[in-house]
1. Which of rounded, prolate, oblate describes region 1-157, given a ≥ b ≥ c as roots of the alpha-carbon gyration tensor eigenvalues and a/c under 1.5 marking rounded, otherwise prolate only if a/b is larger than b/c?
2. Only bridges with both residues in the chain count here: give the DSSP antiparallel percent, nearest 5.
3. Here is the link list: Lys179/Lys252; Lys158/Lys192; Lys78/Lys158. Which ones come out longer than 31 Å on Cα distance?
4. Would you mind computing the Rg to Rh ratio of region 419-465 from its alpha-carbon coordinates, Kirkwood style for Rh?
5. Can you work out ³J(HN,Hα) from phi for every residue in region 115-121, in order, using Karplus 6.51 cos²θ - 1.76 cosθ + 1.60 and θ = phi - 60°, giving whole Hz and x for Gly and Pro?
6. Looking at the calculated P(r) for the chain, what percent of the C-alpha pair distances fall above 30 Å?
7. Within region 78-120, name every residue whose backbone N is under 15 Å away from a label modeled 7 Å from Cα of Ala197 along the Cβ vector.
8. In the chain, with Lys and Arg counted as +1 and Asp and Glu as -1 at Cβ, which of these residues, Pro417, His260, Phe129, has the Cα nearest the positive end of the dipole, that is, farthest along it?
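Read-outs throughout are calculated quantities, based only on the coordinates presented, and are distinct from any laboratory measurement. Nothing here was measured: the structure is a model prediction, and the numbers come from that model. For neighbour counting, all protein chains shown are included, and Cβ atoms are generated from backbone atoms with ideal geometry for every residue, glycine included.
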Amino acid sequence: MVQSTTVKVYNTLSRRKEPLVPLVPGEVRMYACGVTVYDLCHIGHARSAIVFDVVQRYLRFKGFRVTFVRNFTDVDDKIIRRAQQEGVPAEEIAARYIAAFREDMAALGVAPADVEPRATEHIPQMIAFIERLVAGGFAYVVDGDVYFEVRRFPAYGKLSGRRPEELLAGARIEVDERKRDPRDFALWKAAKPGEPAWPSPWGPGRPGWHIECSVMSTAYLGETFDIHGGGEDLIFPHHECEIAQWEAATGKPLARYWVHNAFVNLGREKMSKSLGNTLTIRELVRRHRADALRLWLLGAHYRSPIEWSEERVEEAGRALERFDRLFQEAARVPEAPAPLPEGFRGYRGRFEAAMDDDFNTPQALAVLFELGRALQETLDRAGGEPSGRAAVAAGVRELRALGAVLGLFGTPAPATPPPEVAQLVAERAEARRRRDWRRADELRETIHRLGWTVEDTPTGARVLPRRP
């Protein structure tokens, strides 16, 4: 039975934690802003994806029926520029990076959303909504462009909490003298030569960024839904604009709870593609266990910024190895029905108490680590005694069940290289120590032919099975 008031969520709109009370009892409708598909995803994207993956997993674990929608922005200035640079159609760029996104998410154990709409699949609905805003006097047309008139929505700024002068400063990033107010934002952009375009009442063009999510989220979740999420960089202007255009047209709130994750920083600087300081997911999963990246990210509360640390991810990997050994030892116990021993029953309640408190994954992980230690100690004491080992097996099932809520313990430990490969790796390390780079490269190629890859990390060589 769902106990909807036990889960508390920090709502960016109210700036406080609130009990999660869905519009429809027992059902949560949730939308998270997805990626603009013009390049490979980085660790910042990984954090946001993992955060909302865990949110939907936990809500399902609590018994809610969850409908989770995450979009793709597949028409955008950045996609168009990339296509022009490569001399290919924009849709080819979008298709390439949608496929890459899905591969990266699968590597991280992020489940697909229930619905993954693309902006270009919803152009007619966007046009109809813009027409509604124009007819209501909230938007105006200039030379084939359509702008939302911010002054017509006095509540603009309520999500970000920014003062009017701060909103004005942010809006001036994109100066256009044709606007009635610098804060006004584009709903429809007139076509330029060589760009993708669709017919509209205002001439050929394409939608602005902010209109996409308002239309796609409500198309699948209804006029008002429960949770709208994304990175904290989307609070202003993106989510602020979503609220303005939707509430202006409908008089109804777009979402009841606004949830935002903090950044991953690199050297105390926000990581972003525009700053050119990204670490791609694809690069990182070649250097680390994917579940170690996930464990490291969940070790910080989603609303707290986290600074990239190669060493901390390595530590997460070593922690997972301890769980691997526990699982391997427990797997040797013959399967037999055994109830969860009394001593292991309190962990679930503590785990839920942590997650009920605004999805506090650091505290939830602390419970899992404590349970893991208790199981290992019990296993060590049990020796060959069957009942003790059966109790551990029951405890391990509980540990795996709780870990699955965080997307952990489902990825097997990396395979161990055979002795001949390990010997070649050692010889290569010695060659590198002697600065015999030619010999080191030869040994790398030999290792590669045997089906393994050597990755050099600050803490030494890492050997992984070669991908097909």
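1. Details: a/c = 2.28, a/b = 1.20, b/c = 1.91.
Verdict is oblate for region 1-157.
2. Values: 25 of 46 bridges.
The antiparallel proportion sits near 55 percent.
3. Violating the 31 Å Cα-Cα cut-off are Lys158/Lys192.
4. Details: Rg = 9.7 Å, Rh = 10.5 Å.
Rg/Rh: 0.93.
5. Along region 115-121, the couplings run 9, 10, x, 10, 4, 5, 8 Hz.
6. Values: 58941 of 109278 pairs.
Tail of the P(r) past 30 Å holds 54 percent of the pairs.
7. Counting backbone N atoms under 15 Å from the label point, the list is empty.
8. Most positive-ward Cα: Pro417.
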